[in-house]
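Structure, as structure tokens:
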Amino acid sequence: MVEEKHWYQSRTIWGALIAVIASLFGALGISIDGTTQNEISEVMLKIVSVLGAVTAIYGRLSATEIIS
């Protein structure tokens, strides 16, 4: 069985978003090196994964009907 991934679970997407933000910061004179960009991407991916899990748990606990 193949696990379905959502767009926000992709390291490529987060890496690209962080690269865009780093470019914008660079235009403002704030430098962010590649290692820091990678670390930020990893942290963001973990935060989004935790938020997704918490949302799923909350949805399951607050459910009032069985889905058939």
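Annotations for the structure displayed:
- Using only side-chain charges placed at the Cβ, +1 for Lys and Arg and -1 for Asp and Glu, the dipole size of the chain relative to its Cα centre rounds to 60 debye.
- Pairwise label distance in nanometres, I30 with V48, each label 7 Å out on the Cα-Cβ vector: 2.0 nm
- The modelled label-to-label distance for the pair W7/Q37, using points 7 Å beyond Cα in the direction of Cβ, is 2.1 nm.
- Using all pairs of distinct alpha-carbon atoms, the Kirkwood hydrodynamic radius of the range 8-62 works out to 12.4 angstrom.
- Extension gain for L61-V20 works out to 11.0 nm (0.36 nm per residue, less the C-alpha to C-alpha distance).
- On Cα atoms only, tilt of 11-27 relative to the major axis of the chain in degrees: 40 degrees
- Helix axis angle, 34-62 relative to the chain longest principal axis, alpha carbon, degrees: 20 degrees
Here, each number is a calculation from the coordinates, and none is a lab measurement. Everything numeric in this text was worked out from a predicted model, so none of it was measured. Heads up, the Cβs are rebuilt from the backbone with ideal geometry, glycines too, and the neighbour counts pull from every protein chain shown.
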